[in-house]
Every structure is written in structure tokens, then in C-alpha cells.
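S.K.: Encoded as C-alpha cells, here's the structure I'll be asking about.
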Amino acid sequence: MFYYYEVELGLATALVGLSFVIFAIWNMVNDPLVGFITDKPKKWSKKYGLRAPWILFGGFLQIAAFFFLFYIPFDVSDAKTNPWPLFLYMVIVTCIWDTFFSIFMTNYIGGFANVFRTPENRRKGSLTILLIGMFGNIFASGVLIPMVIIYGDPSSFIRAAALGCIALSIATLLFIPGIYESEEIKERYLKIHEMQEKQKLPYKEVLKIAFKNRDFVIYTIMFFLIEGIVGVMSRLSTLYLITPFNVQN
């Protein structure tokens with residue numbers, strides 16, 4: 001995203017950075033908001049499940065929004081002299097994408113513990129996620145996408161995004177058997193919701209309870225540090241260090 005908007009489309013670095021700051025702020029607000037809205041049972045929850053419909057809804061819409069992060073439906077040839085239309089587009093579409101992505105992820109992660117009940121099943125499930133994610137990222141970023149992208153040709157990024165969307169759509173369809181919620185799981189959700197309704201804990205009180213848990217605090221800190229390091233290494237170094245080296249060679 002940073003490379004595409006800055007180098008390929010010509011948006012000023014400061015504006016690209018500002019759009020990421022706005023996105024980060026929205027990301028902080030958006031996750032708990034999405035969780036609050038989707039975590040309560042709806043009329044269709046008893047029939048279709050609490051998590052599965054949200055996972056599919058958020059999954060397919062975030063794929064569509066992802067495509068429009070790269071496909072700009074207006075002329076951006078004057079982005080250097082008139083950057084504001086492209087800047088506003090980037091901010092709005094990124095925040096829309098993140099909203100749908102959060103709907104997908106909060107329900108996917110929230111449903112994991114309720115479907116995988118034993119420590120052994122959770123370890124197996126987490127290992128499967130790790131391996132598929134790791135090899136999927138290597139194949140996509142190291143093999144598939146470089147075959148499509150031509151640096152200096154913005155349209156090739158759009159083709160790469162379209163290819164990614166096809167792969168993501170297939171992956172989301174393959175999700176369906178795994179996110180199926182049995183009657184037992186649905187009943188467990190409803191009982192948990194009834195218990196929460198009786199307690200009527202405000203959001204601030206829930207945060208206090210969570211941050212009194214030492215394991216949760218340690219996990220949160222470590223997750224933050226790991227994601228920060230991975231983000232810098234995989235996002236920035238790939239394009240700003242490895243790509244120029246390959247082009248030079």
C-alpha cells in the first residue's frame with residue numbers, strides 16, 4: 001500500500017503516512033465497536049449461528065474493499081499537483097476495508113475458543129493456522145504476486161489485487177465447513193450472552209478485569225512487539241530494500 005500510493009501513484013510521502021495514522025486511529029476505535037455490535041445474538045443467530053454469518057459477511061466484503069484499495073475509479077495522473085482526491089480516497093477506502101476486516105477477524109478469533117474447547121484441539125488448530133498462514137504468505141508474496149507485478153506499471157498492481165481477491169474468495173469458501181456452529185455451540189453462545197446481560201458490566205469495567213489478568217497483559221505486550229517487528233520486516237523491507245536490489249541486478 002505505502003509503496004503503491006507513494007511511488008506508483010505519486011502521492012506525497014507525508015500524506016501517505018498521514019493516511020496510515022488516520023487508519024491506525026480508526027483501527028483502535030473500530031475493533032471494540034465492531035465487537036460490541038456483532039457479539040450480541042440476532043434474530044437469525046439461533047438458525048445460522050452467531051459467528052458464521054458475520055465471518056462470511058465480513059470476509060467477502062473485505063475482499064471487495066481490498067480490490068478497491070488498488071483500483072482507483074478516477075484519474076490520478078495529477079496526484080502530485082492535486083493530491084487531495086487520492087488522499088481522501090485512500091483514507092476512506094482503507095477505513096471501510098478495515099471495518100469489514102474487523103467484522104471478519106473479531107468473529108473468527110472470538111469463535112475459535114468456543115469451537116475448539118480442549119487445550120489439545122486449540123494447539124492443533126493454532127498450529128494449522130500458523131503453517132497455512134506462513135506457507136500461504138511465502139507463496140503469495142514470494143512466488144505468485146511477483147509474477148504479476150511490474151514495477152513502474154500501476155495497472156499490474158490492480159491485476160495482482162484481482163488475483164489476490166480470487167484466492168481470498170476461494171479461501172473464504174473453504175472456511176464454511178470449519179465455521180459451522182452446532183446446536184451445542186449456539187446454545188453456549190446464548191447462555192454466555194444471558195449471563196453477560198445479567199451482569200451488565202460497562203466496557204471500562206471489562207477492560208479493568210482483563211488487564212488484571214497477568215497472562216493477558218504479558219500476551220498483549222508480546223503480541224504488540226512481535227507484530228511491530230514483523231510489520232517492519234515484511235512490509236517495508238520487502239519493497240524498499242529487496243525490490244531495489246532485484247531491480248538493480
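FYI, it's all coordinate maths here, none of it is from the lab. A quick note: this is a predicted structure, and the numbers were derived from the prediction, not measured. All Cβ positions, glycine included, derive from the backbone under ideal geometry; neighbour counts span all protein chains shown.
S.K.: Compute the length gained on full extension between S77 and E194: take 0.36 nm times their separation in residues and subtract their Cα-Cα distance, giving the result in nm to one decimal.
M.R.: Stretched out fully, the S77 to E194 stretch lengthens by 36.6 nm.
S.K.: How many nm is it between the label spots at E184 and L225, if each spot is 7 Å from the Cα in line with the beta carbon?
M.R.: 3.9 nm
S.K.: Tell me which label goes with the value of Rg/Rh (Cα atoms, Kirkwood Rh) computed from the coordinates here: [x] 1.04; [y] 0.96; [z] 0.99.
M.R.: Correct label, based on the coordinates given: [z].
S.K.: Provide the FRET efficiency to the nearest 0.05 for the N121-A64 pair, computing r from the beta carbons and using R0 = 30 Å.
M.R.: It comes out at approximately 0.35.
S.K.: Which of the lysines could a cross-linker bridge to K42, judged by Cα under 23 Å and excluding same-chain residues fewer than eight apart?
M.R.: Result set, ordered by chain and number: K186, K191, K198, K200.
S.K.: Suppose a student asked you for the relative contact order of the chain, using Cα pairs under 8 Å spaced at least 6 residues apart; what percent would you report?
M.R.: With pairs under 8 Å counted, the relative contact order is 27 percent.
S.K.: Next up: Rounded to whole Å and sorted largest first, what semi-axes of the equivalent ellipsoid does the C-alpha gyration tensor of segment 112-180 yield via the square root of 5 times each eigenvalue?
M.R.: Over the Cα atoms of segment 112-180, the ellipsoid semi-axes are 32, 14, 7 Å.
S.K.: A follow-up question, please. What list of ³J(HN,Hα) values in whole Hz, one per residue of segment 142-154 in order, does the Karplus curve 6.51 cos²θ - 1.76 cosθ + 1.60 (θ = phi - 60°) give from phi, with Gly and Pro shown as x?
M.R.: x, 10, 5, 5, x, 6, 9, 6, 10, 5, x, 10, x
S.K.: Based solely on its DSSP helices, what 222 nm [θ] is calculated for the chain when runs of n ≥ 4 H residues each add -39,500 (n - 2.57) and the sum is averaged over all residues, nearest 500 deg cm²/dmol?
M.R.: Helix contribution divided over all residues of the chain: -23500 deg cm²/dmol.
S.K.: Figure the gain on full extension for A24 and I176 (residue separation times 0.36 nm, minus the Cα-Cα span) and round it to one decimal in nm.
M.R.: Answer, rounded to one decimal: 51.7 nm.
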